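Enquirer: Have a look at the structure that comes next, please.
A short reminder: the numbers here are calculations on the coordinates, not readings from a lab. Please read all numbers here as calculations on a predicted model, not as lab measurements. Every residue, glycine as well, gets a Cβ built from its backbone with ideal geometry; the counts of neighbours run over all protein chains shown.
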Amino acid sequence: MTIKPKVAIVGRPNVGKSTLFNRIIGKRKAIVLDTPGITRDRNYGTADWNGRTFDVIDTGGMDFEPSDFNSEINSQVNEALKEANVIIFLVDSNSGITKQDDQIAKLVRNEKKKLILAVNKADNDVERLSAYEFYGLGLGEPMSISATHGTGVGDLLDRITKMLPEEEEVDKETDRIKVSIIGEPNVGKSSLINKLVGNDRMIVSSHAGTTRDAISLNLETEDGEKFKLIDTAGIRKPGKVQEAVEKFSVIRAKDAVDESDVSLILIDADAGIREQDKKVAGIAFESGKGIIIIVNKWDLIEKDNHTMKEFEQYVRDELPYLNFAPIVFISARTGLRVETLLPLVTEVYSNEIKRIPSSVLNDILYDAISMTPPSAHKGRKLKLFYLTQVGVKPPLFIVFVNDVKLFHFSYDRYLINYIRKVFDFTGVPIKIKARQRS
Ligand code: GDP
Ligand code: GDP
């Protein structure tokens, strides 16, 4: 597993950051399968160019009052400087150097960060010439581009890929189950980690994680089970809510999830499920990793016999695509049920690496077909010949059929549910792909 290098686009409002961002990653986003209910962050995405893959972050889209420009742009640029490997500083060829451009230049000028000054909206030769004026920012040679027409964007991407560092190889240690603890600020991530670590029967060692700003902790339980906790809680918001910081915290959650085997998604029982929680949940879902949903601060809730059932239904309604994930109600403060978490992580992990022999799968397939045969579609009927597991983490199955076009979503879901009924895949997303039998 590797963590992708990051490229951030900074600049004052309206210079074309979002347009450039969409141009760089647009095509790729379009092929992402749309899962209902997933809140996607429009502000980051993955790009491929010349065989290199990197994440692009659009720091734009923030509506702030002109009076707030100073503090907002400071936090935006500082976050980008902290997180990204390459910064694209975007300016507008039509407006010349503005005061705000100057201010951003000041923030980035003395940083050793790799920086590209790109002059956007250079749609024609005259505008391309005006790019020279931006030498005045003291940031080296400006590149002219047109984000709407695509002119110069290929050259820009060439330059970016030359500047990217080698991909960071993430921890190759295989005997530890890697667990990320993710969630909105203040849901109780640090408290939970302290509680997990505070158990004196636990052997703990801490070292800086590969995920920037994340700490990882090695834990070993009495019975010798080894874990590595990847903590994204180190992220602290100074003072008021800052959008730039939020945005980058989502990216960090993505890194942590990519690095882990099982993700614990924390939700604040008192605050309920908010947009940002759904973003974090969407990231975990898309990674295909094992997932446990944790409802924290359960001590704050006034309860009767139905409260937990009702809350569970609420979580299922809000995060329908995580229907495979177990839900645990805890209090990181009082310690309620915290001791159940690591055993559950172990169980989910063992489901994640489970392999079912083809002979067994084919008995199951036969049973499933007998119970509910596929219905005919326009006079043609789906025939399923053979089911086999081709991957783990997450488990991937291939079913050979007479015609892949006849393998519809409803039968796919039926088979998945059937497999889940027979085998324990709690906490793990499973997928079936149909292949034409040749
Ligand atoms: P952001 O606030 O920096 O994210 O800027 P946007 O991407 O929202 O763009 C601001 C405006 O500039 C929009 O109306 C875009 O259509 C326009 N724009 C962006 N790139 C170009 C370009 O290359 N040429 C021209 N002519 N307009 C552009
Ligand atoms: P983080 O930002 O996700 O790491 O959240 P923290 O662990 O810093 O917790 C944020 C606040 O919620 C702190 O004031 C905690 O004391 C409080 N908190 C965390 N877990 C619980 C809990 O289970 N019950 C209650 N009542 N408060 C909690």
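Enquirer: Could you list TRP298, TRP49 in order of exposure, starting from the residue whose Cβ has the fewest other Cβ atoms within 10 Å?
Expert: Starting with the residue having the fewest Cβ neighbours, the order is TRP49, TRP298.
Enquirer: Compute the distance in nm between two label points, each set 7 Å from the Cα along the Cα-to-Cβ direction, one at GLN436 and one at PHE423.
Expert: Placing both labels 7 Å beyond Cα along the Cβ direction yields 2.8 nm.
Enquirer: Still on this model: Regarding region 64-150, what's the average projected area of the Cα-atom convex hull, expressed in nm²?
Expert: Its Cα hull, projected and averaged over all orientations, spans 5.9 nm².
Enquirer: Moving to a separate point now. Please give me the summed charge of the neighbours of PHE311: other residues whose Cβ is under 13 Å from its Cβ, Lys and Arg +1, Asp and Glu -1.
Expert: -4
Enquirer: Set the Förster radius R0 to 22 Å, insert the Cβ-Cβ distance between ASP125 and LYS82 as r into 1/(1 + (r/R0)^6), and round the FRET efficiency to 0.05.
Expert: Result of the calculation: an efficiency of 0.05.
Enquirer: Now for a separate question. Pull out the extension gain between ILE301 and ASN110, defined as 0.36 nm times the separation in residues minus the alpha carbon to alpha carbon distance; nm, one decimal.
Expert: The span from ILE301 to ASN110 would gain 63.7 nm if fully extended.
Enquirer: Would you mind calculating the gained length between ASP270 and GLU222 on full extension (0.36 nm times residue separation, minus the Cα-Cα distance), in nm to one decimal?
Expert: Extra length from ASP270 to GLU222 when fully extended: 14.0 nm.
Enquirer: Sorted from fewest to most neighbouring beta carbons within 10 Å, what does the list SER216, SER18, SER71 look like?
Expert: Starting with the residue having the fewest Cβ neighbours, the order is SER71, SER18, SER216.
Enquirer: What does region 293-434 give for Rg and for Dmax, in Å, if only its C-alpha atoms count?
Expert: 18.9, 61
Enquirer: Could you give the length gained by full extension between LEU396 and TYR314, i.e. 0.36 nm per residue of separation minus their alpha carbon distance, to one decimal place?
Expert: Gain in length upon complete extension: 26.6 nm.
Enquirer: Also, I was wondering about something else. Along the Cα→Cβ direction, 7 angstrom out, place labels at ASP175 and MET163. What is the inter-label distance in nm?
Expert: Result: 4.3 nm between the two label points.
Enquirer: Among ASP255, ASP268, what is the fewest-to-most ranking by other Cβ atoms within 10 Å?
Expert: Fewest to most other Cβ atoms nearby, the residues stand as ASP268, ASP255.
Enquirer: Between region 402-416 and region 369-384, what is the separation of their alpha carbon centroids in Å?
Expert: One Cα centre to the other: 9 Å.
Enquirer: For ILE353 and ALA376, what does the FRET efficiency come to when R0 = 45 Å and r is the distance between their Cβ atoms, rounded to the nearest 0.05?
Expert: Rounded to the nearest 0.05, the efficiency is 0.75.
Enquirer: Give me the Kirkwood hydrodynamic radius of region 358-436, using the inverse of the mean 1/r over all pairs of distinct Cα atoms, in Å to one decimal.
Expert: 12.8
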